[in-house]
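First comes the structure, then the notes that go with it.
The values are calculated or read from the model by the stated rules, or taken from the named source; none is laboratory data. If you're wondering where the values come from, they're calculated on a predicted model, not measured in any experiment. Here the Cβ is made from the backbone with ideal geometry for all residues, glycine too, and neighbour counts use every protein chain on show. When the accessible area is computed, the model is the full protein with side chains, heavy atoms only, and any ligands, DNA or RNA have been set aside. Shrake-Rupley method; radii C 1.70, N 1.55, O 1.52, S 1.80 Å.
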Amino acid sequence: MVLSQAVEDYLKTIYTLEADGSKATTTKIADSLEVSSASATNMVKRLSKMGLVDYESYKGASLTKSGKKIALEIIRHHRLLELYLLEVMGYSWDEVHEEAEKLEHHISERFEDKIAKLLDDPTHDPHGDPIPTKEGLMPEMNAQPLNKVDMEEEYMVSRVKDQDPELLRYLGKIGLLPGIKIKVKEKAPFEGPITLLVEKEEQVIGHEVARNIFVAEL
């Protein structure tokens, strides 16, 4: 089946919403893709006729087995490309997402295999997101948001959820990167600032920033 870029974008968006624990309503899909609700509804109905989503009015969309397989393939392309752009092409981690968005729909399976082999079959992209396997399986992540963790316990940064380039540049500047050890020293009440040690250097970040950083227990 030859699919348009728009179809692939919708499938990827629905997968992402479901993976984040949200119901993939047409309103949320429209917001994510920056299209009108009417356009999102029409496309979801089309995807339903194609057998790629299950859809009921007012209940949202969910991927069928076929739809999920396609979504995971596009996500695999995207995350492999991000890592390739970083490690081979010399892009910074705040630049790779936008470039990968443009390229993910246009690479062949052979090109995907070549990239994976060149990068030694990586399991995570530069932001810590897991890379789906060639067989279409998404590795599980055992991580929790930084704003929810206990104080005085050591954790390792495993993922940065937000792809905002400005945020990524800021986190890179203070060294808050995947693979780095951290310890929360203080949490201000009412969702105030969070003070933490980043590789033994004290940093203060906002509560909203901490919600987008996922850490794993050591």
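Structure data summary
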| quantity | calculated |
| --- | --- |
| Pair list, Cβ under 8 Å, 6 or more apart: region 103-117 residue farther than 11 Å from ARG79 by Cα and touching a residue at least 12 places away in the same chain (Cβ under 8 Å), other residue open to solvent by 70 Å² or more (accessible area, probe 1.4 Å) and assigned to a loop (DSSP other than H, G, I, E, B) | ASP113/LYS134 |
| Among (1) open to solvent by 40 Å² or more (accessible area, probe 1.4 Å); (2) in contact with a Lys or Arg (Cβ under 9 Å, 6 or more places away or on another chain) - the single one GLU208 does not satisfy | (2) |
| Qualifying helices (runs of 4 or more DSSP H) (wholly inside region 1-70; at least 1 residues being of a type in the set (Ser, Thr, Tyr) and within 22 Å of the chain's Cα centre (by Cα)) | 5-19, 26-33 |
| So GLY175, is it under 19 Å from GLY128 (Cβ atoms), in contact with a Ser or Thr (Cβ under 9 Å, 6 or more places away or on another chain) and surrounded by fewer than 18 Cβ atoms within 10 Å (Cβ to Cβ) | no |
| Qualifying residue in region 46-58 (condition: surrounded by fewer than 20 Cβ atoms within 10 Å (Cβ to Cβ), out of contact with any strand residue (DSSP E or B) (no Cβ under 8 Å at 6 or more places or on another chain) and aliphatic (A, V, I, L, M)) | yes |
| Near pairs, Cβ below 8 angstrom, 6+ apart or cross-chain, from region 36-49 (more than 15 Å from ASP9 (Cβ to Cβ)) to any residue that is polar (S, T, N, Q) | SER37/THR26; SER37/THR27; THR41/THR26 |
| Candidate set: region 17-30, residues that are within 17 Å of ASP54 (Cβ to Cβ) and surrounded by fewer than 17 Cβ atoms within 10 Å (Cβ to Cβ); chosen: the one modelled with the lowest pLDDT | SER22 |
| Residue under evaluation GLY136, criteria (1) farther than 21 Å from GLN5 by Cα; (2) modelled with pLDDT under 95; (3) out of contact with any Pro (no Cβ under 8 Å at 6 or more places or on another chain); (4) open to solvent by less than 80 Å² (accessible area, probe 1.4 Å), criterion not met | (1) |
